[in-house]
Amino acid sequence: MTRRLSVDEAVGVLEGELGSGQRVLDDLVTEDLWFSFLRFGRRLFDVSDTPDADGLLFQYGTHAFDGPAAFTLDLTRQFEISDSNGDHDHYVQVHCELRYGRAPALEALGSFDSWFFHDAGDDLEEWAKGLTEQAAWATIHRLKPTEIRVYQERV
């Protein structure tokens, strides 16, 4: 039986996947980072046995969260954390946030989000394929982000 990883290990696991090709992060394009995120998404974590306890989120848009507006692709994994009674307590989100400069072609993409949940009976590979078949992927897949942030937050 494969040991399921602790949610506390998630950021380190994602960082390991991002560095698994031994290339400097500055040299990576969106597609490289996406494949790293999918490897992370395939890893098994010890989560509660409740619906939607382990999900992946692909979302993008132009935002000004903590500085000037920038096109951002946020690849997120969300884990539900339950209390000692098995009831929902909070979520932990592990983000791989890719920021790009402002460009009309990126701003024209608008905003978009898509979720995948491991327990919903869907296929991760089909979800990923569907995202890369969208017209927006042709615009972003070969771009180099100007900034890559990996972080965890409680929501």
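The values are calculated or read from the model by the stated rules, or taken from the named source; none is laboratory data. On a predicted model such as this, the values are computed, not experimentally measured, just so you know. Cβ atoms come from the backbone with ideal geometry, glycine included; neighbour counts cover every protein chain shown.
Please tell me if GLY16 is surrounded by fewer than 17 Cβ atoms within 10 Å (Cβ to Cβ), over 23 Å from ASP113 (Cβ atoms), at pLDDT 95 or above and not charged (D, E, K, R). Walk me through it before giving the result.
Details: surrounded by fewer than 17 Cβ atoms within 10 Å (Cβ to Cβ): yes; over 23 Å from ASP113 (Cβ atoms): yes; at pLDDT 95 or above: no; not charged (D, E, K, R): yes.
Judged against the criteria, GLY16 is not a match.
No other residue among LEU73, LEU5 is crowded, with 19+ Cβ neighbours inside 10 Å and either among the β-branched types (Val, Ile, Thr) or in contact with a helix residue (DSSP H, G or I) (Cβ under 8 Å, 6 or more places away or on another chain) (or both) apart from LEU73.
If you take the residues of the stretch 39-61 that are among the hydroxyl-bearing types (Ser, Thr, Tyr) and modelled with pLDDT under 95, which of them is farthest from GLY121 (Cα to Cα)?
So, considering only residues that are among the hydroxyl-bearing types (Ser, Thr, Tyr) and modelled with pLDDT under 95, the one farthest from GLY121 (Cα to Cα) is SER48.
Of the numbered criteria (1) farther than 22 Å from GLY16 by Cα; (2) in contact with a Ser or Thr (Cβ under 9 Å, 6 or more places away or on another chain); (3) not polar (S, T, N, Q), the one ASP83 fails is (2). Every listed requirement among (1) among the β-branched types (Val, Ile, Thr); (2) without any contact (Cβ under 8 Å) to a residue 24 or more places away in the chain; (3) farther than 26 Å from GLY19 by Cβ is met by THR76 save one, (3). Check the stretch 120-142 and report whether any residue there is part of a strand (DSSP E or B) and either of a type in the set (S, T, N, Q) or within 30 Å of ASP8 (Cβ to Cβ) (or both). No, every residue in the stretch 120-142 fails to be part of a strand (DSSP E or B) and either of a type in the set (S, T, N, Q) or within 30 Å of ASP8 (Cβ to Cβ) (or both).
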